[in-house]
Amino acid sequence: MLRRLLLTAAVSASAALSSASGAVAGTPAEAPGISPVPAASPSAPSGPSAASTGGPASLFPAGTPSSRAVAAAYGVVLKALMPPPARPDDSSDRLTVTVAGVGGGADGTFELECHPAGGTHPHAAEACDRLDRMTTWGKDTFAPVPPDSMCTMVYGGPATAHVTGTWAGRPVDARYDRSNGCEISRWNALVPVLPGTGS
């Protein structure tokens, strides 16, 4: 009798382990009181789901407090990481560009408005397009040359520029010159927001 009880206990333990390992490995395993999750059928219509897009619902069953909390946190994080959309009625992208030392009619102070393009800048549409292509979320479009940069000692002329205003929701106050290779490259990268100098 004792031997039969031990044998029955061993079989039950083996079945429980097999069921648990199947659930961990991703194979369907039924347990008392738990309905198996149906696998997606190849012929079933497919559509976007949180599981397929890496959303929070793939971590917790839908409708539980945990899934709702994770979904809310997920949405907050996504909003924090996403750049502000460029809307046709967005008039916050306005810059004042002051240029000196270039000559040939390029010197002066110009207003540049984007989304939509306008202002007194002589190449407003092209300048806005250039800024849009340069803008990367998380990086400063108008960042100065890093202080530890190795720059060639090439003089690009006396041209200077000062750009102020607002771009992508952030204040801008950036100065430009052509005193060495790094500053020349930084200036050239912003043409036609800044005028080309031919050097």
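The values are calculated or read from the model by the stated rules, or taken from the named source; none is laboratory data. If you're wondering where the values come from, they're calculated on a predicted model, not measured in any experiment. Don't worry about glycine lacking a Cβ; one is built from the backbone with ideal geometry, like all the others, and counts go over all protein chains shown.
I'd like to know if segment 91-102 contains one or more residues that are over 22 Å from Pro195 (Cβ atoms) and either touching a residue at least 24 places away in the same chain (Cβ under 8 Å) or in contact with a Leu (Cβ under 6 Å, 6 or more places away or on another chain) (or both). For segment 91-102, residues over 22 Å from Pro195 (Cβ atoms) and either touching a residue at least 24 places away in the same chain (Cβ under 8 Å) or in contact with a Leu (Cβ under 6 Å, 6 or more places away or on another chain) (or both): present. Pull up segment 130-149, narrow it to residues that are under 19 Å from the mean Cα position of the chain (by Cα) and among the charged types (D, E, K, R), then point me to the one that is modelled with the lowest pLDDT. Within segment 130-149, the match that is modelled with the lowest pLDDT is Lys139.
For the list (1) farther than 16 Å from Gly196 by Cα; (2) at pLDDT 95 or above, I need the number of the one condition that Gly108 fails. Going through the list (1) farther than 16 Å from Gly196 by Cα; (2) at pLDDT 95 or above, Gly108 breaks only (1). Out of the residues in segment 143-169 that are assigned to a strand (DSSP E or B), out of contact with any Phe, Trp or Tyr (no Cβ under 9 Å at 6 or more places or on another chain) and of a type outside the set (Gly, Ala, Ser), which is surrounded by the fewest Cβ atoms within 10 Å (Cβ to Cβ)? My answer is Thr166. In this entry, Gly181 passes the filter for residues that are surrounded by 17 or more Cβ atoms within 10 Å (Cβ to Cβ), touching a Ser or Thr at 6+ places or on another chain (Cβ under 9 Å) and not acidic (Asp, Glu).
Suppose we keep only residues that are under 15 Å from Gly103 (Cβ atoms) and at pLDDT 95 or above within segment 188-199. Which one would you say is nearest to the chain's Cα centre (by Cα)? Checking each candidate, the answer is Leu194. What's the total number of residues in segment 105-134 that are assigned to a loop (DSSP other than H, G, I, E, B), under 25 Å from Gly156 (Cβ atoms) and in contact (Cβ under 8 Å) with a residue 24 or more places away in the chain? Residues in segment 105-134 being assigned to a loop (DSSP other than H, G, I, E, B), under 25 Å from Gly156 (Cβ atoms) and in contact (Cβ under 8 Å) with a residue 24 or more places away in the chain: 3 in total. Any residue that is surrounded by 19 or more Cβ atoms within 10 Å (Cβ to Cβ), small (Gly, Ala, Ser), within 27 Å of Ser92 (Cβ to Cβ) and in contact with a Phe, Trp or Tyr (Cβ under 9 Å, 6 or more places away or on another chain) - is there at least one of those in segment 114-121? No, segment 114-121 contains no residue that is surrounded by 19 or more Cβ atoms within 10 Å (Cβ to Cβ), small (Gly, Ala, Ser), within 27 Å of Ser92 (Cβ to Cβ) and in contact with a Phe, Trp or Tyr (Cβ under 9 Å, 6 or more places away or on another chain). For segment 154-178, the set of residues classified as at pLDDT below 95 and not small (Gly, Ala, Ser) consists of Arg170 only.
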